[in-house]
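Okay, structure first, notes after.
The values are calculated or read from the model by the stated rules, or taken from the named source; none is laboratory data. If you're wondering where the values come from, they're calculated on a predicted model, not measured in any experiment. With ideal geometry, Cβ positions are generated from the backbone for all residues, glycine too; neighbour counts draw on all protein chains shown. Ligands, DNA and RNA are excluded from the accessible area calculation, which covers all protein heavy atoms including side chains. Shrake-Rupley method; radii C 1.70, N 1.55, O 1.52, S 1.80 Å.
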Amino acid sequence: MKNIKLAMPSLKEARMRKNVNIPTIRYALDEKYKNLGLGKTYYIFTYGCQGNEADSEVMCGILEQVGFQKSTDPMNSDLVILNTCAIRENAEQRIWGVLGQLKGRKRENPEMLVGIAGCMPQEENATQKILESYSFIDLVIGTHNKNHLPQLIAEAYASKAKVVEVISSEGDILEDAPKIRESKHKAWVNIMYGCDEFCTYCIVPYTRGRERSRAKEDILAEVKELVKAGYVEITLLGQNVNAYGKDLEGEYTFGDLLYDLDKTGIKRIRYTTSHPRDLDEKTMLAMRDCKSVMPQLHLPVQSGDNEILKRMNRKYTYEEYVTKVERLRELVPDIALTTDIIVGFPNETRAQFENTLNLVKNVNFEGAFTFIYSKREGTPAASMPDTISEAEKHERLTELNQYINAGYLKGHQRFLHQIVEVLVDGPSKNGEDMLCGYTPHLKLTHFKSQDTSLVGKLVKVKITEAKTWFMIGELCE
Ligand code: 5AD
Ligand code: SF4
């Protein structure tokens with residue numbers, strides 16, 4: 001297959017933070033594509049973070065606007081797009097595996113169009129591999145050009161070539177793009193894009209561009225529309241939401257945004273993800289003052305050892321992290337705190353790992369995503385010497401998870417016999433005739449009921465059992 005390379009990724013370009021104005025692009029459909037997908041079906045595989053889930057909702061919107069219809073069967077769709085994640089090696093392995101399956105399907109049905117999007121194509125080595133070894137892929141696009149989807153698909157159909165457009169720039173802000181949201185009661189709301197933190201292990205600043213905030217007017221307008229449409233809960237999204245507004249004119253911060261969003265009438269507000277250094281007093285006060293801001297926070301710590309934190313370029317110490325947590329608990333005493341932790345950062349010693357265990361014991365997290373460090377080509381940590389064996393890293397992860405799992409259980413036990421409010425998501429996988437949803441503290445709760453009209457509603461549930469991964473309760477009449 002011939003290649004049409006409109007733009008190729010460059011880690012060097014992606015690393016740069018040029019002092020340029022970030023353009024806001026107002027999406028408008030080019031009329032010549034309006035029937036592009038008529039009579040055709042599509043399927044999007046979504047991997048990785050909530051940011052990717054939100055991006056997929058936009059891609060669905062763009063595709064359906066030009067006539068494509070959503071399919072439930074990827075292997076029998078006319079267009080399949082993988083919206084990919086590059087955060088760790090194992091995320092990528094899964095994606096190469098799915099591509100392997102699609103290769104066979106494409107041989108049987110050469111008319112099928114296969115596209116790869118999201119973070120993986122932003123990596124030079126991944127796009128190189130796609131060009132060299134995945135000739136059946138028709139479309140390669142990155143994180144910065146969802147808005148070009150119709151023209152790129154049209155180009156792929158017309159040329160029968162592999163069309164590659166991966167842009168390594170600061171990025172822009174896309175407004176007014178159509179969106180097909182997965183849920184009718186919970187919505188993702190992007191408030192900013194990109195990341196400028198450059199933690200030494202992380203590929204995200206290279207794949208997602210510079211930190212750039214949406215105008216508060218656009219965010220507030222979106223949330224007001226969601227309230228009108230009956231949405232109950234929003235989750236504000238960004239790689240580092242606490243840096244919201246730093247790139248805009250004026251003094252408007254994330255805390256200010258929370259106070260303003262609280263007035264829109266939305267019942268529940270959550271946000272993810274936070275950087276401990278940027279979590280400020282105003283945000284913590286907003287968590288105390290705003291009824292709609294849920295008493296729950298995901299605050300990634302990554303490590304409990306000051307030397308490792310320094311080598312990770314996290315820009316805070318163990319002590320500073322704990323001080324912020326203490327202040328937060330003064331203001332919101334029952335807050336449920338969760339975190340992210342990496343074990344096996346290059347040359348992490350046993351003693352350094354034990355400092356992480358100590359932090360976990362001291363802070364009382366009620367959950368955590370825990371990871372073994374994964375080397376990402378192009379990041380500073382990738383060239384740090386590492387003599388710790390894989391077996392040792394796995395042992396550390398298992399040991400850490402024992403404490404983390406105990407934290408999950410304790411976090412559920414504290415609600416035993418209490419009445420909590422649950423936003424009902426739908427049928428539970430935990431048993432017939434059961435529904436499930438989440439409490440304000442983001443605790444998954446199952447309860448007996450066949451009344452699916454409760455989906456999307458807030459109901460009262462009395463907790464009768466606390467397990468490690470969920471709670472069980474009885475619906476209060
Ligand atoms: N290896 C392991 N975990 C990573 N994360 C980010 N980059 C890496 C990596 N190279 C984790 C961090 C981050 C979460 C989203 O993923 O804990 O908070
Ligand atoms: Fe990656 Fe650090 Fe940015 Fe989070 S804050 S996306 S871990 S660089």
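Remark: pairs (first residue in the range 126-141, touching a residue at least 12 places away in the same chain (Cβ under 8 Å) and aromatic (Phe, Trp, Tyr); second residue open to solvent by 30 Å² or more (accessible area, probe 1.4 Å) and in a helix (DSSP H, G or I); Cβ separation under 9 Å; 6+ apart in sequence or on different chains) = Tyr134/Lys103; Phe136/Lys103; Phe136/Arg107. The number of residues in the range 192-238 being within 11 Å of ligand 2 (Cβ to nearest atom) and either over 29 Å from Ser168 (Cα atoms) or touching a Phe, Trp or Tyr at 6+ places or on another chain (Cβ under 8 Å) (or both) comes to 5. From the list Leu261, Leu309, the lone residue that is closer than 29 Å to Leu444 by Cβ, at pLDDT 95 or above and open to solvent by less than 20 Å² (accessible area, probe 1.4 Å) is Leu261. Of the listed requirements (1) within 13 Å of ligand 2 (Cβ to nearest atom); (2) under 30 Å from Phe353 (Cβ atoms), Gly304 misses just one: (1). Collect the residues in the range 237-246 that are more than 16 Å from ligand 1 (Cβ to nearest atom) and either free of Cβ contacts under 8 Å to residues at least 24 places away in the same chain or at negative phi (or both), keeping them in residue-number order. The answer is Tyr244, Lys246. Would you check which residues across the range 126-136 are open to solvent by 10 Å² or more (accessible area, probe 1.4 Å) and touching a Leu at 6+ places or on another chain (Cβ under 9 Å) and list them? If the condition is that a residue be open to solvent by 10 Å² or more (accessible area, probe 1.4 Å) and touching a Leu at 6+ places or on another chain (Cβ under 9 Å), then Tyr134, Phe136 are the ones that fit. Where strands (runs of 3 or more DSSP E) fall wholly inside the range 374-460, the ranges with 2 or more residues that are surrounded by 13 or more Cβ atoms within 10 Å (Cβ to Cβ) and in contact (Cβ under 8 Å) with a residue 60 or more places away in the chain are 419-427.
When Glu249 is tested against (1) within 16 Å of ligand 1 (Cβ to nearest atom); (2) modelled with pLDDT under 95, only condition (1) is not met. Residue count for the range 191-221 satisfying the condition of being more than 16 Å from ligand 1 (Cβ to nearest atom), open to solvent by 30 Å² or more (accessible area, probe 1.4 Å) and either within 17 Å of the chain's Cα centre (by Cα) or closer than 28 Å to Ile372 by Cβ (or both): 1.
Name the helices (runs of 4 or more DSSP H) wholly within the range 250-349 that hold at least 1 residues that are within 13 Å of Leu236 (Cβ to Cβ) and polar (S, T, N, Q)?
On the way: elements: 254-262, 281-289, 306-311, 318-331.
Per the criteria, 281-289.
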